[in-house]
1. Could you please find all residues in segment 18-34 being touching a helix residue (DSSP H, G or I) at 6+ places or on another chain (Cβ under 7 Å), closer than 24 Å to residue 92 by Cβ and surrounded by fewer than 17 Cβ atoms within 10 Å (Cβ to Cβ)?
2. Against the definition (buried (at least 19 other Cβ atoms within 10 Å of the Cβ), touching a helix residue (DSSP H, G or I) at 6+ places or on another chain (Cβ under 8 Å) and touching a residue at least 24 places away in the same chain (Cβ under 8 Å)), how does residue 8 come out, yes or no?
3. When the residues of segment 44-73 are narrowed to those that are under 19 Å from residue 28 (Cα atoms) and out of contact with any helix residue (DSSP H, G or I) (no Cβ under 6 Å at 6 or more places or on another chain), which ends up modelled with the lowest pLDDT?
4. Do any helices (runs of 4 or more DSSP H) lying entirely in segment 10-99 carry at least 2 residues that are touching a strand residue (DSSP E or B) at 6+ places or on another chain (Cβ under 9 Å), and which ones are they?
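The values are calculated or read from the model by the stated rules, or taken from the named source; none is laboratory data. Just so it is clear, the structure is predicted and the values come from calculations on it, not from any experiment. Note: ideal-geometry Cβ built from the backbone for every residue, glycine included; neighbour counts use all protein chains shown.
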């Protein structure tokens, strides 16, 4: 997987959608975008593919962003659910399929 990693491609549109999710969630800084892109590429490399898919992003985005959300003490919604909900909206997916 390490040798394949430099050859893994991620479409510009997917990068923009990842950025849109981060913006919608009000994630601090650019690290959320960077980590999500890298994690999705690593997953694709691990599974011996050359291109990142929406499924790859879906599998890693919660792990990458959940702890980066600004904490609101009055918020009752689980941050993992919040990430899934915004991901589904930005990627035009059914929330049931994402959860």
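1. Answer for segment 18-34, where residues must be touching a helix residue (DSSP H, G or I) at 6+ places or on another chain (Cβ under 7 Å), closer than 24 Å to residue 92 by Cβ and surrounded by fewer than 17 Cβ atoms within 10 Å (Cβ to Cβ): 20, 24.
2. Values: buried (at least 19 other Cβ atoms within 10 Å of the Cβ): yes; touching a helix residue (DSSP H, G or I) at 6+ places or on another chain (Cβ under 8 Å): yes; touching a residue at least 24 places away in the same chain (Cβ under 8 Å): yes.
Against the criterion (buried (at least 19 other Cβ atoms within 10 Å of the Cβ), touching a helix residue (DSSP H, G or I) at 6+ places or on another chain (Cβ under 8 Å) and touching a residue at least 24 places away in the same chain (Cβ under 8 Å)), residue 8 qualifies.
3. 73
4. Numbers: elements: 12-24, 31-46, 54-65, 79-90, 95-98.
Helices (runs of 4 or more DSSP H) meeting the threshold: 31-46.
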